[in-house]
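A.B. asks: Structure provided below as structure tokens; questions to follow.
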Amino acid sequence: MITQTKRWGAWAEQRVTDLLQGRGWCQLERNWVCRWGELDLVMTKGDRLLVVEVKGRRSTRWALAAVDRGKRRRLARAIDCWRAQHPDHAGTLLEVVVAVVPLPPASGAVRWTPLEELS
């Protein structure tokens, strides 16, 4: 059974995907899973690789708090795992961002925060 939370998460991920594709990014993965965790979106553009952690929230005020030290550690391990399975991207410049997406009834722009700013 798909919960409403999963539906909103999928909606937020699609919104981010659409925005990035509109800016020339190509999706390589969505909801990629390994033993260390999940990568919401893996995108590529030229010689760049972008990993996006999507947080859909009705109140976006504290959304970045969900990306705590443990979450960042799991993300790093999952990224290492993904890169090990995709050696053709081993040398690709990597950027990791958190995209905070306001869920209805909230409105507004997606907020992008590079992961290193959360350290």
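The values are calculated or read from the model by the stated rules, or taken from the named source; none is laboratory data. Source: prediction; values computed, not measured. Backbone-built Cβ (ideal geometry, glycine too); neighbour counts: all protein chains shown. Ligands, DNA and RNA are stripped out before the accessible areas are found, and what is left, the full protein with its side chains, is counted by its heavy atoms. Shrake-Rupley method; radii C 1.70, N 1.55, O 1.52, S 1.80 Å.
A.B. asks: Which of the residues that make up the stretch 85-108 are surrounded by fewer than 13 Cβ atoms within 10 Å (Cβ to Cβ), more than 17 Å from LYS45 (Cα to Cα) and among the hydrophobic types (A, V, I, L, M, F, W, C)?
C.D. replies: ALA106
A.B. asks: May I pose another question? Can you tell which of ARG111, ARG74 is under 28 Å from ARG7 (Cβ atoms), open to solvent by 40 Å² or more (accessible area, probe 1.4 Å), touching a residue at least 24 places away in the same chain (Cβ under 8 Å) and in contact with a Gly (Cβ under 8 Å, 6 or more places away or on another chain)? Steps first, answer last, please.
C.D. replies: Working: ARG111 fails: in contact with a Gly (Cβ under 8 Å, 6 or more places away or on another chain).
Going through ARG111, ARG74 in turn, just one is under 28 Å from ARG7 (Cβ atoms), open to solvent by 40 Å² or more (accessible area, probe 1.4 Å), touching a residue at least 24 places away in the same chain (Cβ under 8 Å) and in contact with a Gly (Cβ under 8 Å, 6 or more places away or on another chain): ARG74.
A.B. asks: Right, next: Residues to consider are ARG30, ARG57, ARG61, ARG69; find the one that is modelled with pLDDT under 95 and surrounded by 14 or more Cβ atoms within 10 Å (Cβ to Cβ).
C.D. replies: Working: ARG30 fails: modelled with pLDDT under 95; ARG61 fails: surrounded by 14 or more Cβ atoms within 10 Å (Cβ to Cβ); ARG69 fails: surrounded by 14 or more Cβ atoms within 10 Å (Cβ to Cβ).
After ruling out the rest, the residue left standing is ARG57.
A.B. asks: Show the residue pairs that are 6+ apart or on different chains and have beta-carbon atoms under 6 Å apart, the first residue being within the stretch 21-33 and aromatic (Phe, Trp, Tyr), the second being part of a strand (DSSP E or B) and open to solvent by less than 60 Å² (accessible area, probe 1.4 Å).
C.D. replies: What qualifies is TRP25/MET43; TRP32/LEU39.
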